[in-house]
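Here is the structure we will look at.
The values are calculated or read from the model by the stated rules, or taken from the named source; none is laboratory data. On a predicted model such as this, the values are computed, not experimentally measured, just so you know. Backbone-built Cβ (ideal geometry, glycine too); neighbour counts: all protein chains shown.
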Amino acid sequence: MKRFSGRSIASVLYALAIYGFIFLPVVVLVLFSFQDGRFPIPPFKGFSLRWYEAVLADRRLMEALTNSLVVAILSSAMSVLLGFLAAYGIARFMLPAKGLQRGLLTAPLTVSYLIIGMGLLITFNWLGIPKSLLAAGIGHVVINMPLCFAIIYSQMGDHQANIERAARDLGAREWQVMTLITAPMLWPALFASFFLSMTFSWDEFIISFLLTRFDVTLPVEIWNLLRSGLNPKTNAVGSLVFGISVVLLLVLELVVFRKAKRS
Amino acid sequence: MTQLAVDVRSLTHSYGDFKALDNVSLAVPNGAYTVLLGPSGSGKTTLLSVLGGFLVPQQGEVLIEGRDMTSVVPAKRPTTTMFQDYALFPHMSIADNVAFGLRMRGVGKKERLTKAMEMLSLVGLADEKSKKPHQLSGGQRQRVALARALAVDPVVLLLDEPLGALDLKLRRQMQSELKAIQREVGTTFVHVTHDQEEAMAIGDEIVVMNKGRIEDLGPPERVYLKPSSRFSAGFMGQSSFVSGTVVSQDPQTLQIDTVFGRLRVPTREQIYSAGSAVVLSMRPEHLVLGTPSAINLSLGTATIRDVTFQGAHHLAKLQHLDASGLELTAQVPQSGHPQVGMEVQVSIHPDHLVILKD
């Protein structure tokens, strides 16, 4: 006969509590996005897709979703490019105050998005750059570039440096070394940092809120919706945002980490 | 006139207080297989980096086929390097790896792949052309690295401890392959190693380096049998050293006072003044145990203190009876059955005695 000790029951309960704490809000959000009624609160009155139809029919929301995707893709591409160039420069060349430069590049990781957003707002104001998606995109590059730099830099070892040296020895010029040797060798790191940047940009709120005005990103539009109170439509759009984040993470896991493990 | 493939003059390079190269000059003839031999920190790898263009020396100049290359970048030099860790491009097929140098020189795809296949056949890997580097064994990667470096027809191929990562058996096999390939392509090879057996097996010329200087330079036999410095004698195989003082030298005989008494040996090219200090170097295989023949120089009597069996022979450590603290290492034939504690007479043929300045 199998006996459950008090300790094992307690640890199961503890695990359930942890996972419940983490996932219950998401489960509730997703569940009530299917609510067949006007309020996203218990009791659950039945299953309906009408709030998703409402979201897809909402032109402002759909525009915001497109804006968010465009900002996420472009700002992530820019972050990866700049992060890669910075990592290559710092890892491969003798530079003055290298440690300080590396520190300065990663320092924004520790600064809150609110401070970065305010700083950019003041700077753009002073420079006469209007609030726009471009401004928000630049903000996302500011927060994501340090991350991309850190990920890519950590993957640039001495072994790769030797391989680059071999390429130079065989006649490759610097840009050929970077495009034909370094970038392909580092592609797991490049993809990982790209998709991570995408997920961060995709649901970033405060910087986008401060730096956009007429065209806004999806989190800002959702916030606008929330101001008029909760309804299952906000749950539906929230579920969509969550779903796309999950897809990005799955792609990251399947494409990058699996491959990285295999090779 | 045979042109020099490499001609370096008065190279000096320091890392901080450490002098990696100290006024090194070296000429390598075209088509030769030269081995730079020395312990770590001797400057051999630094010299190779200077030849390859990875390091610009603080002083001195580098000429390759007569052209000044001192500060020319690696890409623009007629040299290629075969790296110790092979440094193959992990994301490219074997054929693309080998063709890379030609691609950088703007050679068309068809032509460069033809040449790559030629090189791969040379190293016996034509069947592996579509594999990726990680699918090959260490020895195969080694060969790909060789094919890749040779595919651009360099004037000089630089090999940086190329066999260091291989196990002993594979290393010996690759040594003969490297030498055979070098003969076939006729390219000048400059090979760095700290393994003196490898150096002797493979080199046409051996350059013995120590503390940033060239200690000795010549064909393996000469460097082994007539080393020109104490370091060289000790690094190229084993030697027993005994110090002595020159008494006199005339056209026939050189007389030296040692702990063995006064030795009379045939005179050498080198002129020694009376009273100058010298070191006598003796290879284990040159020391003869047992009653000395008429022609041999007697070195007195010694006790066998320790014997190790080396397969082809025994190696006996001898303690000299008259000179306390003097230890000799002698080779004893396989069938010699030396016993620890035995007392033996030691002698050497006068021609085998190497006399070095102290």
| Cross-chain or 6+ apart pairs with Cβ under 8 Å, segment B:55-78 first and at positive phi and part of a loop (DSSP other than H, G, I, E, B), then surrounded by fewer than 19 Cβ atoms within 10 Å (Cβ to Cβ) and modelled with pLDDT under 90 | B:65/B:3; B:65/B:4; B:66/B:3; B:66/B:4
| message | Tell me whether segment A:200-222 contains one or more residues that are over 26 Å from residue A:60 (Cα atoms) and in contact with a helix residue (DSSP H, G or I) (Cβ under 9 Å, 6 or more places away or on another chain). | response | no
| request: Of the conditions (1) exposed (fewer than 14 other Cβ atoms within 10 Å of the Cβ); (2) outside any strand (DSSP E or B); (3) under 27 Å from the mean Cα position of the chain (by Cα), residue B:291 clears all except one; give me its number. | output: (3)
| On the given criteria, is residue B:41 away from chain A (no Cβ under 14 Å), more than 23 Å from residue B:102 (Cα to Cα) and over 17 Å from the mean Cα position of the chain (by Cα)? | no
| request: Considering every residue within segment A:187-202, establish whether at least one is within 24 Å of residue A:76 (Cβ to Cβ), within 10 Å of another protein chain (Cβ to nearest Cβ) and of a type in the set (A, V, I, L, M, F, W, C). | output: yes
| remark: Residue hits (segment B:136-152; within 18 Å of residue A:167 (Cβ to Cβ) and of a type in the set (D, E, K, R)) are B:141, B:148
| message | Step by step: first the residues of segment B:268-288, then only those that are β-branched (Val, Ile, Thr) and surrounded by 16 or more Cβ atoms within 10 Å (Cβ to Cβ), then the one that is nearest to residue B:326 (Cα to Cα). Which residue is that? | response | B:279
| task | Could you tell me whether residue B:129 is of a type outside the set (A, V, I, L, M, F, W, C) and over 24 Å from the mean Cα position of the chain (by Cα)? | result | yes
| request: Would you check which residues across segment B:138-172 are without any contact (Cβ under 8 Å) to a residue 40 or more places away in the chain, touching a Leu at 6+ places or on another chain (Cβ under 9 Å) and over 25 Å from residue B:40 (Cβ atoms) and list them? | output: B:140, B:143
| note | A careful count of residues in segment A:172-229 that are assigned to a helix (DSSP H, G or I), under 28 Å from residue A:250 (Cβ atoms) and charged (D, E, K, R) gives 1
| query | Among all residue pairs at least 6 apart or on different chains, which show Cβ distances below 6 Å where the first residue, located in segment A:154-180, is more than 8 Å from every other protein chain (Cβ to nearest Cβ) and the second is of a type in the set (Asp, Glu) and part of a helix (DSSP H, G or I)? | reply | A:177/A:164
